[in-house]
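Presented below is the structure to which this report refers.
The values are calculated or read from the model by the stated rules, or taken from the named source; none is laboratory data. The structure displayed is predicted, hence computed values, not measured ones. Note: ideal-geometry Cβ built from the backbone for every residue, glycine included; neighbour counts use all protein chains shown.
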Amino acid sequence: MEGRRITGQNDNDDFTFAPLNATCNLAVHSPGDVPSVAVATTAGPPAATLKPASLATSPAPTGNAVLFVASGLTAPPGAPNPLAGRTFVLMNQSYESALASGGFQAPAGMSPVRGFLIACVNRQPACQQGIAATNSSIVSGARADANGKAQLSGVPAGTHYFFCLGGINRQLYKWDFRVELKPGANSVALDQRNAVPVN
């Protein structure tokens, strides 16, 4: 397979990549997509500005389910949708479960997602640990358009976990929930009812 893997972050907190090539004698595999996880600051009011990383080469379709994702959030006139340009991913387990399965542990009193984001902003070794764990769990990914909409195609039907990050009124939120995909079209709307603050 040919794709990319995350190798670290640059001075702007954007992820950097290196080529990833591998072969498998048992079956054809495809590279996964990369989630956006960088936050702007670690102090002061909760940061809501995320810098989405470039998605890896989209994997070849492996299933017949399609997930249509729409933002149910509104923005003031002339302002972009709060989820515009965010990276949406489907995983084979919840995001926090993926971090835990990779051995990532957040500091006491801090959520795993917040701990992971801070580790990446501060360029700590735990960031790479979390990246490896989440990359291995990603099934599909797409970047939202200006209206906060995206389409994840070629996904196997069954149980998956949707994840993304976004900011609402200077508060960082996560959408991390289970979805049951049937063959054909499926849809989900993202709003504050299915979002959880990242603390």
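In summary, TRP175 fulfils each of the numbered conditions (1) modelled with pLDDT of 95 or more; (2) more than 14 Å from the chain's Cα centre (by Cα) with the single exception of condition (2). Looking only at residues in the stretch 138-195 that are farther than 17 Å from ASN81 by Cα and of a type in the set (Ser, Thr, Tyr), the one that is surrounded by the most Cβ atoms within 10 Å (Cβ to Cβ) is SER140.
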